[in-house]
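The values are calculated or read from the model by the stated rules, or taken from the named source; none is laboratory data. This one's a predicted model, so the numbers in the text were calculated from it and none came from an experiment. With ideal geometry, Cβ positions are generated from the backbone for all residues, glycine too; neighbour counts draw on all protein chains shown.
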Amino acid sequence: MSPRGVDLGLHSLEAKLLWGAVLLLSLLMATVTVVVEQRQRDAIVGEFDRRGEVLARNLAAISLGPLLLYNFTVLEQNAARVASEDDVVYAIVLDADGKVAAHSRRPERIGISLTGDVHERAARAESLLVQQTVAADTQESLYDFSLPVEIDGQKWGTVRVGLTKRRMDEAIRRTRLELGLLALGTLVLGGVVAAVVARRIAGPVRELEHRAAAIARGELDQRIEPTTFDEIGRLAIAFNHMAAQLLQQRSALEEVHFELQRRFQELADVKSYTDSIVNSLTNGIITVDLEGRVVTLNPAAELLTGFFAGEAGRRYCTEVFGLTPEIGDILMETLASRAPIGNVPLTLRRRNGSGLPVELSTAPLKGGDGKDLGAVGILRDLTVVRQLESQLRRSDRLAAVGTLAA
């Protein structure tokens, strides 16, 4: 996916920011909706209760005189007038005995006592009483407001007003719907804003990820254009500085690498040149380390001793030259004394058991910084020298015999 693309994977930074913001906004809107809906509902119910109380008190006020005068016609007119108000299901006036004196819907019940818990509690009410009930004929849910009619503390009757809950419930449902739509709109708008903000935050981070991956592949010419002056912008500047430093360091390392390669080649050439010289010598060259282990044998030394460099390497010189212990002793003495020993004649016992006259010279080996590395021994074959000496002695004897004969 390109750095500018949208990644809604659950593990992406943009998705986490987006879903986190949406979840937080959802919880906030749910809380606000519940609180506002409850307060709106309480306000609607409170307004409904106040209206029912006002209607009941109004009916009680206009029914006081007719109750005292037992003017049932006026009571019926008052009940009918109140019942004509919106949401009023019925208006009832009870006399002091709890019997119906006026009924807006059921005039045939005048003169009888209504039975049932709601009716009985309404007839016994000593103050405003609000009850929730259901209309017997329509099964409609309603509130019954009962208020006693009193003069000087004496109860002369009771008025009852029944208000339907239909319009109140519709108002509550409408309020809930409006709050739900408002919450949904706010959530959608908040989600869009959260997506934009998440993209603005995650976009540079995603681009930084791709650039960092390119640097990991060795593409050190990566740069990020800062688009803001906040932490993201400063991060882009720091990334560019880091990439530039890495590019400079790689260039410096490449230069050092080329220089090391050149010097290594020079050392290889010198070593090859030195090895060629050592291998071309007719004298045997033996080198040992500080512990007396054989390091190298040149071809001449292999020919003289009968040992190959591969089998003698890393073995103690006293072990390799066990048939000629003088060689090992002289090499170890050179290591101990750090002083050269020259021209020691001895008979080299070869691997096949034959003897060979040689001359051994040793010297300490030191590095370029003067550090001790070991010792070197030079074996010179004296076979030809011994033959020449033998011929010279024979010539001398023959000359002496000739002189005596003369």
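So if I check each of Thr334, Thr296, Thr318, Thr324, which one is within 60 Å of the chain's Cα centre (by Cα), at pLDDT 85 or above and surrounded by 14 or more Cβ atoms within 10 Å (Cβ to Cβ)?
Of Thr334, Thr296, Thr318, Thr324, the one residue that is within 60 Å of the chain's Cα centre (by Cα), at pLDDT 85 or above and surrounded by 14 or more Cβ atoms within 10 Å (Cβ to Cβ) is Thr296.
Can you tell me which residues in segment 69-89 are part of a loop (DSSP other than H, G, I, E, B), under 28 Å from Ser141 (Cβ atoms) and without any contact (Cβ under 8 Å) to a residue 40 or more places away in the chain?
Correct list: Ser84, Glu85.
Could you tell me which of the residues Gly374, Gly370 is buried (at least 16 other Cβ atoms within 10 Å of the Cβ) and under 60 Å from the mean Cα position of the chain (by Cα)?
Step by step, each of Gly374, Gly370 is checked, and only Gly374 is buried (at least 16 other Cβ atoms within 10 Å of the Cβ) and under 60 Å from the mean Cα position of the chain (by Cα).
Within segment 364-406, how many residues turn out to be part of a helix (DSSP H, G or I) and under 25 Å from Asn279 (Cα atoms)?
Quick first cut of segment 364-406, residues part of a helix (DSSP H, G or I) only: 383-405.
Going one step further and asking which of them are under 25 Å from Asn279 (Cα atoms), we end up with 383-386.
Summing the residues that are part of a helix (DSSP H, G or I) and under 25 Å from Asn279 (Cα atoms) in segment 364-406 gives 4.
Being within 11 Å of Arg160 (Cβ to Cβ) and of a type in the set (S, T, N, Q) is the filter here, so list the residues in segment 64-111 that pass it.
Across segment 64-111, the qualifying residue is only Ser104.
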